[in-house]
Protein chains: 2
Amino acid sequence: MPSVNPSFPAGRGGGPPAIAVITGLDVRDIRFPTSRELDGSDAMNPMPDYSAAYLTLQTSAGHRGYSLVFTIGRGNDVQAAAIKALEPLVTGVPLADVLRDLGGFSRHLVNDSPTRWLGPEKGVAHMAVGAVVNAAWDLRARLAGKPLWKLLADLTPEELVRLVDFRYLEDALTQAEALELLHAARTGRAEREARLLATGYPAYTSTPGWLGYDDEKLLRLTRRAVRDGFTLVKLKVGADQADDDRRLALVREAVGPALRIAIDANQAWSVDEAIARISALRRHDLYWIEEPTAPDDVLGHAAIRRAIEPIRVATGEHAHNRVMFKQLLQARAVDVVQIDACRVAGINENLAILLLAAKFGVPVCPHAGGVGLCEMVQHLAMFDYLALSGTQEDRFIEFVDHLHGHFEVPAVVRGGRYLAPTEPGAGARMRGTSVEEYAFPGGTAWVSGSSPARQATPWRAA
Amino acid sequence: MPSVNPSFPAGRGGGPPAIAVITGLDVRDIRFPTSRELDGSDAMNPMPDYSAAYLTLQTSAGHRGYSLVFTIGRGNDVQAAAIKALEPLVTGVPLADVLRDLGGFSRHLVNDSPTRWLGPEKGVAHMAVGAVVNAAWDLRARLAGKPLWKLLADLTPEELVRLVDFRYLEDALTQAEALELLHAARTGRAEREARLLATGYPAYTSTPGWLGYDDEKLLRLTRRAVRDGFTLVKLKVGADQADDDRRLALVREAVGPALRIAIDANQAWSVDEAIARISALRRHDLYWIEEPTAPDDVLGHAAIRRAIEPIRVATGEHAHNRVMFKQLLQARAVDVVQIDACRVAGINENLAILLLAAKFGVPVCPHAGGVGLCEMVQHLAMFDYLALSGTQEDRFIEFVDHLHGHFEVPAVVRGGRYLAPTEPGAGARMRGTSVEEYAFPGGTAWVSGSSPARQATPWRAA
């Protein structure tokens, strides 16, 4: 934590001119060789090396704000380059101005015309904006001495709506409606905060169900998950149908009828194929099907949902901006909104998505796992509970039990629940030793070893 | 043109093992200082420097295939890096294999798991796939001694459908339906080819209507467009409503009631705002409104279309993949499908989009302008005419009259019609002198001068 006073009058506004200015974006390419163990393997991503384009936002007064974009290996350097490309947009800007108007700051980055063209508002360029916005939030939370969830929940409804860009949303959600939702949620907020600090927030686990795990490992990890207190587990599906059926039968038998089981196809199917494949698995009493088809296919998700109810449809980790979430909700295509900490333009756009979900009465169950996603996204779910949804019913934050030790403030799950972090910040700061060890390609983890997925597979004719 | 025989038996298949292999992807950052004159200025992009991430695919036998991704300035280096990141996926691959199975080659690149994560199938990473696929097509066309439109139109329906990835499309278009469309379009193909070679393909012009041009320049260029034989002109709108109204009145008065006038808001509006703004311009007898709102907003476009008919709704230049086009058509959200040569994963995905448009009976009017977009996309429209739509009715390729001289085979428009190129290739090859002059930042154009848009504008508090 920097000791310099940033002349940032948190929540006050005005005051003397700031002295600290943003001086640069330090971006590192961090990769973990997870493909060695097939952790994270699914129908579309058979061999990921979980990675992070890791950003440190720096100021002239020595402040640091941290964030990252999660990727799965090759191409992490492209993501890093996209973040670095935003440096001229923020260099020299007074820190106090940024922290006082994170809405305006975020809009400036999202709407920067040449970099917006590279999306628009999607893909590498959009995630880069998210990284810079999230680093500014991290810094603001550190200076305020609060965890992000608390910082956000302490803002007034009026301050919160100023953070949101309502362009493209107004046919589904106006600023006035958002204000109304936030004001209505103030009832019982203090009790909820006490409860959150005492008992945390429900988690579900995806640790057991990676596609590359054999049946023995699947069952061993599932039984452990039940012992650990989880009430919802998730399995990857979507490769071989007979394998999906067998694995689900084994897991259902092991956990009994009470435990919720969700499945995740990671976009493997066309619409009609999804309906057939999911219908054939009905007997296992499934809680949700996640990413049954292309993440862009709003109408496809709606058709699948109509065909397979009461099985819920979940999606969102690859929904690239607020306009996609708006449509998923308008078309009644989703039962479970899965925000991601890194896919959209940061906390501001995720706030818009939380507001949309609240307007449509659909629960938010964040996507996590990866690198740092649990650490980051838990703040948004906890804010949602305190200041917007007001409930934990049918809500769970995803949890995958690996790579947490690399973070300054690791996510902590006990008895199947996330404990609310109390340390200042937004969660993405990594340990310095981890940054040095897993820096690619020069870190010791890569100099002394490699991973099966490090090299690309050139195309071969069939 | 390389003189080495690539051992590529065009259209034959089989044959002896190939000797030529792909050796690398040479990528250059090319930028034109167009912001000096406000060419290309619109409601969302006030000051573009038209740019290209320019790719030369190289083989061990000295072959070269050319393509590019069009961007508007800063960030062109990120696009270039994304293309370069695909090099390990293609290096060492026998050229003959690639050219014999461009469908399999394209699918391998699109579905490469780590780079797909960066989209998925959208943004910089997806456009990079398009660049590599298009360069391979350019090389194939050069070796076949044909312009791309002719090469494509000479393929059999069976060969064409093998190029398309029908995953995610099958609820709207199956391979069998695609085959049927292509077979049906064979009637009259020879006559159409003769007509195309004799009289070309209709163009429309956007040259007069950039937002940064004053009334005098707007009118002067509009009158010239009419004299030049254009029957459809397009104006940028979406900033000030009174300006839009005045400019349209001036243009309508200058050209009379017969000329078609389209307008383009470049995503400036929310849905309800779009309906109000367009409705207020009805008196000018508008042919289409282009990009009235977010390009991702399928349901929004459908709502706008219902509210403003009979004015047509046009979109597509920023629709990032075939799934978006599928939905735009399924939701009856568009009257005009605007494919772009560089936004999607290359000619293969554009073929899927042409097939979708044919299935739904919606005309394709390609987006062009930019750098090299006219040169590239004309081939797809001409193929569509010969082998799929079978008509030029209500079809126009966009034309903007600048930067053509930088290309080996510049697009040629005479009497308001594109002349069919007869030189081999897919259109993107630039002149070597232009590449050297406009290379950024070392080319002479940048060493000896700059542009207003070269430097980013750091954010300033309101």
Inset, instruction - Select from the range A:254-276 the residues that are more than 27 Å from B:GLN327 (Cβ to Cβ) and in a loop (DSSP other than H, G, I, E, B) and write down the one among them that is nearest to the other protein chains (Cβ to nearest Cβ). - result: A:LEU259
Inset, instruction - Can you run down the residue pairs with Cβ atoms below 6 Å, 6 or more apart or on separate chains, where the first is in the range B:168-194 and at positive phi and the partner is surrounded by 13 or more Cβ atoms within 10 Å (Cβ to Cβ)? - result: B:TYR168/A:SER270; B:TYR168/A:ALA294; B:TYR168/B:VAL323
Inset, instruction - Among residues belonging to the range A:352-382 that are within 14 Å of chain B (Cβ to nearest Cβ) and in a loop (DSSP other than H, G, I, E, B), point out the one that is surrounded by the fewest Cβ atoms within 10 Å (Cβ to Cβ). - result: A:GLY369
Inset, instruction - Say whether the condition of being surrounded by 24 or more Cβ atoms within 10 Å (Cβ to Cβ) and among the basic types (Lys, Arg) is met by at least one residue in the range A:329-339. - result: no
Inset, instruction - Provide a single number: the residues in the range A:38-62 that are over 19 Å from the mean Cα position of the chain (by Cα) and buried (at least 24 other Cβ atoms within 10 Å of the Cβ). - result: 1
Legend entry - Within the range A:327-351, considering residues that are small (Gly, Ala, Ser) and in a loop (DSSP other than H, G, I, E, B), the one nearest to A:HIS379 (Cα to Cα): A:ALA341
Inset, instruction - Take the residues in the range B:434-462 that are outside any loop (DSSP other than H, G, I, E, B) and closer than 26 Å to B:GLY346 by Cα, then tell me which one is nearest to the other protein chains (Cβ to nearest Cβ). - result: B:TYR438
Inset, instruction - Among what's in the range A:195-224 and is of a type in the set (Gly, Ala, Ser) and touching a residue at least 24 places away in the same chain (Cβ under 8 Å), pick the residue that is farthest from A:PHE360 (Cα to Cα). - result: A:GLY212
Legend entry - Conditions (1) touching a helix residue (DSSP H, G or I) at 6+ places or on another chain (Cβ under 7 Å); (2) among the acidic types (Asp, Glu); (3) at positive phi; number of the one not met by A:GLU291: (1)
Inset, instruction - Search the range B:395-415 for residues being in a loop (DSSP other than H, G, I, E, B) and touching a Ser or Thr at 6+ places or on another chain (Cβ under 6 Å), and hand back the single one that is modelled with the highest pLDDT. - result: B:VAL400
Inset, instruction - Check B:VAL164, B:VAL133 and return the single one that is within 14 Å of another protein chain (Cβ to nearest Cβ), closer than 23 Å to B:GLN378 by Cα and assigned to a helix (DSSP H, G or I). - result: B:VAL133
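Listed here are the residues, each with its yes/no results for (1) in contact with a Ser or Thr (Cβ under 7 Å, 6 or more places away or on another chain); (2) crowded, with 20+ Cβ neighbours inside 10 Å; (3) within 10 Å of chain B (Cβ to nearest Cβ); (4) in a strand (DSSP E or B).
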{"residue": "A:ILE278", "(1), (2), (3), (4)": "no, yes, no, no"}
{"residue": "A:HIS301", "(1), (2), (3), (4)": "yes, yes, no, no"}
{"residue": "A:PRO310", "(1), (2), (3), (4)": "no, no, no, no"}
{"residue": "A:VAL313", "(1), (2), (3), (4)": "no, yes, no, yes"}
{"residue": "A:HIS320", "(1), (2), (3), (4)": "no, yes, yes, no"}
{"residue": "A:PHE325", "(1), (2), (3), (4)": "no, yes, no, no"}
Inset, instruction - Please tell me if B:GLU121 is surrounded by fewer than 22 Cβ atoms within 10 Å (Cβ to Cβ), within 9 Å of chain A (Cβ to nearest Cβ) and of a type in the set (Asp, Glu). - result: no
Inset, instruction - Assess whether A:ALA333 counts as being within 30 Å of A:VAL251 (Cα to Cα), in contact with a His (Cβ under 6 Å, 6 or more places away or on another chain) and hydrophobic (A, V, I, L, M, F, W, C). - result: yes
Inset, instruction - Mind counting the residues in the range A:427-455 that are touching a Pro at 6+ places or on another chain (Cβ under 8 Å) and either within 25 Å of A:LEU380 (Cα to Cα) or of a type in the set (A, V, I, L, M, F, W, C) (or both)? - result: 5
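The values are calculated or read from the model by the stated rules, or taken from the named source; none is laboratory data. Since the model is a prediction, treat every value here as computed from it, not as a measurement. Note: ideal-geometry Cβ built from the backbone for every residue, glycine included; neighbour counts use all protein chains shown.
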